[in-house]
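Engineer: One structure, as structure tokens, below. Some questions next.
FYI, it's all coordinate maths here, none of it is from the lab. In this text the structure is predicted, and so the values were computed from the model without any measurement. Virtual Cβ from ideal backbone geometry, glycine too; neighbours counted across all protein chains shown.
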Amino acid sequence: MKRLVLIGVCTGLLASVGMATFVAVPRQAATRSAELENFHLAGPTGRTYSIESFPSGSVLVIYFGYTTCLRACPIALNSIAEAIDHLGVRGASVQPVFIDMDPDRAALVSIPMYMESFGPSFLGLTGSSDDVERAAKSFKVKLERVQFSADPTDYAMRHTSPIFVMRPNDPHPRPLPATSPPAAIEAAVRDAL
């Protein structure tokens with residue numbers, strides 16, 4: 001019995017100290033993780049974009065892929081589009097961003113036309129191989145170029161990328177599996193809004 005009373009007193013004391021510390025410490029704005037470097041990638045008109053380019057009140061839905069992807073990328077982008085559609089007028093605060101990780105082929109394809117197939121608000125970004133690699137690395141996205149022959153154009157890109165939901169000033173983006181259904185993406189965006 002004495003042990004239970006002692007445990008109760010200690011638990012109460014610890015809770016009081018914890019609450020006093022929580023109340024006494026002023027809240028500070030969260031700073032972005034040092035690992036999450038700011039990307040500098042080009043849009044369709046040549047304008048350079050970074051995370052800070054977007055309004056602080058917006059929500060970014062970022063997906064790394066490539067325009068010549070035949071399966072995973074179109075499915076993920078379509079799920080993002082459906083999620084934004086389900087948000088109704090709140091969807092205007094959402095900026096879907098597609099980062100093309102194959103700049104060699106991106107130069108041969110119309111990224112704006114590809115983006116329009118998913119919705120008018122989609123923004124396609126790319127850059128030099130180094131810029132794209134740096135952006136992917138900061139989001140911990142894996143990319144591998146698989147060469148099939150000596151011909152430099154005979155390759156495929158293998159990648160694993162979640163769908164990232166974040167505000168431009170968030171310290172950590174929220175990753176969702178690329179196979180997430182629209183309802184899961186919508187819920188994550190609503191939480192961020």
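Engineer: Net charge around His86, counting only other residues with Cβ within less than 15 Å of its Cβ (Lys, Arg = +1; Asp, Glu = -1)?
Structural biologist: Local net charge: -2.
Engineer: Please arrange Ile111, Ile163 by counting, for each residue, the other beta carbons lying within 10 Å of its beta carbon, fewest first. Each step should come with its number before you reach the end.
Structural biologist: Working: Ile111 20, Ile163 25.
Ordered by Cβ neighbours within 10 Å, fewest first: Ile111, Ile163.
Engineer: In whole Hz, what ³J(HN,Hα) sequence does the range 187-193 give by Karplus (6.51, -1.76, 1.60; θ = phi - 60°), x for Gly and Pro?
Structural biologist: Running phi through 6.51 cos²θ - 1.76 cosθ + 1.60 with θ = phi - 60° gives 4, 5, 5, 4, 4, 6, 6 Hz.
Engineer: Taking a quarter of the surface of the Cα convex hull of the range 46-193, what do you get in nm²?
Structural biologist: 8.4
Engineer: While we're on this one: What order do you get for His86, His159, His172 when you list them from fewest to most C-beta neighbours inside 10 Å? Mind dumping the intermediate values first?
Structural biologist: Details: His86 16, His159 19, His172 12.
Exposure proxy ranking, most exposed first: His172, His86, His159.
Engineer: List the relative contact order of the range 50-97 as a percent without decimals, with contacts defined as Cα pairs under 8 Å and 6+ residues apart.
Structural biologist: Answer for the range 50-97 is 56 percent.
Engineer: Another question, then. Send over the per residue convex hull volume for the range 61-104, Cα only, as a whole number of Å³.
Structural biologist: Value for the range 61-104: 57 Å³ per residue.
Engineer: Can you work out ³J(HN,Hα) from phi for every residue in the range 81-89, in order, using Karplus 6.51 cos²θ - 1.76 cosθ + 1.60 and θ = phi - 60°, giving whole Hz and x for Gly and Pro?
Structural biologist: 4, 5, 4, 5, 4, 5, 6, x, 5
Engineer: Identify, among Val165, Gly119, Thr45, the residue whose Cα sits farthest towards the positive end of the charge dipole of the range 34-193, taking +1 on the Cβ of Lys and Arg and -1 on the Cβ of Asp and Glu, with the dipole about the Cα centre.
Structural biologist: Checked the options; the winner is Val165.
Engineer: Using θ = phi - 60° and the Karplus curve 6.51 cos²θ - 1.76 cosθ + 1.60, what whole-Hz ³J(HN,Hα) does each residue of the range 64-74 get, with Gly and Pro shown as x?
Structural biologist: 8, x, 7, 5, 8, 5, 9, 10, 4, 5, x
Engineer: Let me ask something additional. With a Cα-only, solvent-free Debye model of the range 152-191, what are the log10 I(q)/I(0) values at q = 0.26 Å⁻¹?
Structural biologist: So the normalised log intensities are -0.90.
Engineer: If Lys and Arg each add +1 and Asp and Glu each add -1, what is the summed charge of the other residues whose beta carbon sits under 12 Å from the beta carbon of Pro162?
Structural biologist: Overall, the nearby charge balance is +3.
Engineer: For the range 123-193, compute the orientation-averaged projected area of the C-alpha convex hull (one quarter of its surface), in nm².
Structural biologist: Over every viewing direction, the Cα hull of the range 123-193 projects on average to 6.2 nm².
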